[in-house]
Amino acid sequence: MVFSSFGFGIFLSILLLVLVIIEAIDLHLVCSNNSGNYTTGSVYQKNLDYFLSSLVTNKSINGYGFYNSSFGQDDDVVDKVHAIGLCRPDLNASLGLNIFKDSAHNLTRACPNQKEAIIWNDYCMLRYSNRPFHFELSPSYNQSTTGSLSSSDVDFNSELEELIGVLKTQAAAGDLRKKFATETKRVTYSNNQSISGRVQCIPVLSEKECTDCLGEGLRQLQKCCNGMVSASFGNPSCNLRYEVFSSHDPAKYDEPRALSPHTPTSAKNSGGNKKSSTSAGTIIIIAMATVVSFLILIMSICTYLRVKYKRKRIEERAEEIKSAEALQFDFRSIRAATNNFSEANKLGRGGFGIVYRGILPDDKDIAVKRLSRDSAQGDLEFKTEVSLVARLQHRNLVRLLGFCLGKNEKILVYEFVPNGSLDQFIFGEVKRAHLDWDVRYKIIVGIARGLLYLHEDSRLKIIHRDLKASNILLDADMNPKVADFGMARLFDLDQSQGETRRVVGTYGYMAPEYVMRGQFSVKSDVFSFGVLVLEIVSGQKNSSFRNRGNVEDLLSYAWKNWRADTASNIIEPILSSGSRTEMMRCINIGLLCVQQNIADRPTMTSVILMLTGNSLSLPVPSQPAFFMGASDFSKVVELDQAQSSSSVQKSVNEASITELSPR
């Protein structure tokens, strides 16, 4: 019988799960869901990988078994990695470092993509998270032997409390290098027994915090392990252990054993060359029965999982429909909110409909997009996809609040963003004065974070394809919000993954591979972002840039000045104050994003690192796409006009196209 790839995959998954469970039991490991998950290739994973690699030659360990460090930008509270480790100070420093590395490997393997995890063993504790920690009592573990003492619980607890009380005082009085104490005492109720105890706190705790933590640990051991011969307890802030032994056999702590599960050794034959009493035929029958039983088990598991998967999909579909219904607005309430879609409430017209301002009965402001009636999509599909887009929430995205379906009507309801679009500020003669460099830099970083969420961190992989200044809205605090990022599915456009026969966008922002071949990817959004960055720095439109009265495209002008080492000419004159270094850095990043070669353009993850990591050296950009001299500019304009009359549809302000694919 031949296994299907699905069945074999199930077998490997079960085997891996067993190994992880064995190791978790051996090592007391907790994967926490408090801080959520990270995606592969994200900033958090890069910081975590840097932390793991730094353990090889890390100098942050203070020589007393304590490790405390952080990795990432100080202002990045979401993706910064905080790590803390604590070993017995009587361990050799290199041995403790090896245990840390082993523990870190076990954590990332057993807790894949989780931002917070902790692991203990008999010698060390290691923890990492995206949040700082100081004094915490959970999670925790306890462990005891199976043997119990013959003496009364009252006598034993009294002796144990006395010993731990002395050790608590000694450890809590320690300094910032170590808070550790160990001692052995002979018990008074027995002539041949002693108790050995060991306690430890992380050195950053105060004396009271250390005392409270160890006191809680002793209470937990008395509840779970009363009268046991030995027991241990640990949490993120402290640990303690005791062991009762014969006075004739003094207690000692062994050198640390391997942290991975032991491989069983082969049993030796104690019966000499004694012939096996089991015949070869019996062995074959047993082996065949075992194989058949195993195959039946795997097939049963596969069948069960397949049925469970189908049932889950049905339940998810029902949940999606239910979620969509919860987002639906009543058409009469939307009509009342917009004063029957009056001209006075009209905010603008886009490629896919008119946008109105509305006020709900609870005085909440909303933006209402009344879609054109050329979509062939059914109501159920429309509802489902709106519910998907509505779940995408990020501070740098305009939030979709819901939808409305009336008679021959499809309406989208968004949050209202009071300051309008970015183009009104950077290109407007009056409003541009309100954008000093600090505000512009905040806008650039915010747009980058919004794009990174769409590309890598959201439930759906989204390519915007019409990123431009008019599709960036500004809230009351001038925080940028990317708008119109969920329209492709809603309009049922004729497109496939990665290519489209209907190119839609705005000239000056579209990447060359998209304009010429209809190919799009996250790198086509990166190109648009680069154009937008250069516009924000220069205060001029790429499509109508003027240099001393001569028409020229912004990318050409920026590239020529960069090559001539006169990049400061690109900066808008009103930006007399602000960090010149940041301005030049943004020009460099903008040129990197608009390079001709797709592979040379950075990802948005790299863009965020370049924007926020001031000490990071930037690559030298190559020639941008659509670079031209003044002599051939008119030829390109003619080419653009010819294309626009045939296969290319221009986007007017509100239009945007998005490719969505589930994670």
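Miscellaneous remarks
- Here S94 clears all of (1) modelled with pLDDT under 85; (2) buried (at least 17 other Cβ atoms within 10 Å of the Cβ) except the condition numbered (2).
- Residue in region 503-512 that is outside any loop (DSSP other than H, G, I, E, B) and modelled with pLDDT of 80 or more present: yes
- The residue pairs whose first member lies in region 205-231 and is in the same structural domain as D175 (by TED's automatic domain parsing), whose second member is surrounded by fewer than 17 Cβ atoms within 10 Å (Cβ to Cβ) and of a type in the set (D, E, K, R), and whose beta carbons are closer than 6 Å, counting only pairs six or more residues apart or on different chains, are N226/D153; G227/D153.
- With respect to the conditions (1) closer than 30 Å to E572 by Cα; (2) at pLDDT below 90; (3) surrounded by 15 or more Cβ atoms within 10 Å (Cβ to Cβ), A433 lacks only one, and its number is (3).
- Tabulated pairs, region 590-609, first over 23 Å from T39 (Cα atoms), second acidic (D, E) and crowded, with 24+ Cβ neighbours inside 10 Å, C-beta under 9 angstrom, 6+ apart or interchain: G590/E535
- Of all residues in region 137-153, one or more are outside the structural domain of L48 (by TED's automatic domain parsing), in a helix (DSSP H, G or I) and surrounded by fewer than 18 Cβ atoms within 10 Å (Cβ to Cβ).
- Checking each residue in region 439-469 for being crowded, with 20+ Cβ neighbours inside 10 Å and assigned to a loop (DSSP other than H, G, I, E, B) picks out S458, H464, R465, D466, L467, K468.
- Filtered residues of region 580-602 (kept if surrounded by fewer than 16 Cβ atoms within 10 Å (Cβ to Cβ) and either under 20 Å from S528 (Cβ atoms) or among the basic types (K, R) (or both)): R580, N597, A599, D600
- Whichever residue in region 411-437 is over 12 Å from D475 (Cβ atoms) and among the β-branched types (V, I, T) and, among such residues, is farthest from the chain's Cα centre (by Cα): V430
- Scanning region 527-553 for residues that are of a type outside the set (S, T, N, Q) and either at pLDDT below 90 or not assigned by TED's automatic domain parsing to the domain that holds H455 (or both) gives K541, F545, R546, R548, G549, V551, E552, D553.
The values are calculated or read from the model by the stated rules, or taken from the named source; none is laboratory data. Bear in mind the structure is a predicted one, so any value in this text is a computation, not a measurement. Counting neighbours? That spans all protein chains shown, and the Cβs are built from the backbone with ideal geometry, glycine included.
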